[in-house]
Amino acid sequence: MGGYTQTMKVILDTNLKCTDRLDEEGIEYNFKYLQCPLSLTKKVTPTQDVVYEPLTILNVMVQHNRIELLNHPVCKEYLLMKWCAYGFRAHMMNLGSYCLGLIPMTFLVVKIKPGLAFNSTGIINETTDHLETVDTLDAFSSPLLSLIQTFTMMLGDINYRDAFLEPLLKKELAYPILTFGQLILFTMFVPIVLMNLLIGLAVGDIAEVQKHASLKRSAMQVELHTNLEKKLPLWYLRKVDQKSTIVLKDLTSLLEKQHELIKLIIQKMEIISETEDEDNHCSFQDKFKKERLEQMQSKWNFVLNAVKTKTH
């Protein structure tokens, strides 16, 4: 399957084309190698014993865990096209039908008051007293109990008051200086070493979890679209299916980046424009007076225009 992966990656790369026209600029995604013709998948009486499943190529990628192919831009755009064509509508219909049953059930749960339970599980006007027994065994009386206590202390349960403070105040602690010295060293080094060990293990697992989650998400999307295409009629699939799509570039973000770059170059070259120079030398009062004058002029212009229209 290694040769298949490399071959399929080359094929998907050839289906990416940058379009540079006068009216549009973007990337064209061609899906001709990803989808089986609808005339084959929707045959009523197949001539052979071959069954053409929808999204055959993507299902093979999911079956063999080819996450690098599923994350290819062409495959992502293909799934996005399917989702926008019919996946979102089917999901909203499913969610709406679920809400039709959930809303009345929630209303009944909130409004209906629970009654008294006259059965073996109901307890009416009875109270139970719980006796608390205190274990008087010393946590460090034997090597086995000492290991267990040390393990619980590594998890954060130091039990400082019962194990250290009260025996010290009652003068029952045999070697207080040595005991508290070991306690300080334990609380300083063991949590640090343990946390670093856990962080190292977590960092190694995060990449594996992300890879597994990405594969699972792609597999769920492929399974959803496969099941939907089996149930949808042929005329609807022909109407919404696309062989290629063009994604236009976001010109707004591109212009903003160019504007920020020009401003940075101007600041580095210590160039000040006329508007910035006027704003820097102009005080707050001057700005306020200028704004008031412009507002007054705009009001008088409105009045003069109204008078002219009446005279004419």
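Values quoted throughout were computed directly from the atomic coordinates according to the rules given, and no laboratory measurement underlies them. A quick note: this is a predicted structure, and the numbers were derived from the prediction, not measured. Note that each Cβ is placed from the backbone with ideal geometry, even for glycine, and that neighbours are counted across all protein chains shown.
A DSSP coil position with no more than 12 other Cβ atoms inside 10 Å describes the following trypsin sites (Lys or Arg not before Pro) in the range 188-258: Lys243. Panel order for Ile112, Ile246, by other beta carbons found within 10 Å of each beta carbon, from fewest to most: Ile112, Ile246. Express the Stokes-Einstein translational diffusion coefficient of the range 143-204 in µm² s⁻¹, to the nearest whole number, given a Kirkwood radius over alpha-carbon pairs, 37 °C and a viscosity of 0.692 mPa s. Reported coefficient: 252 µm²/s.
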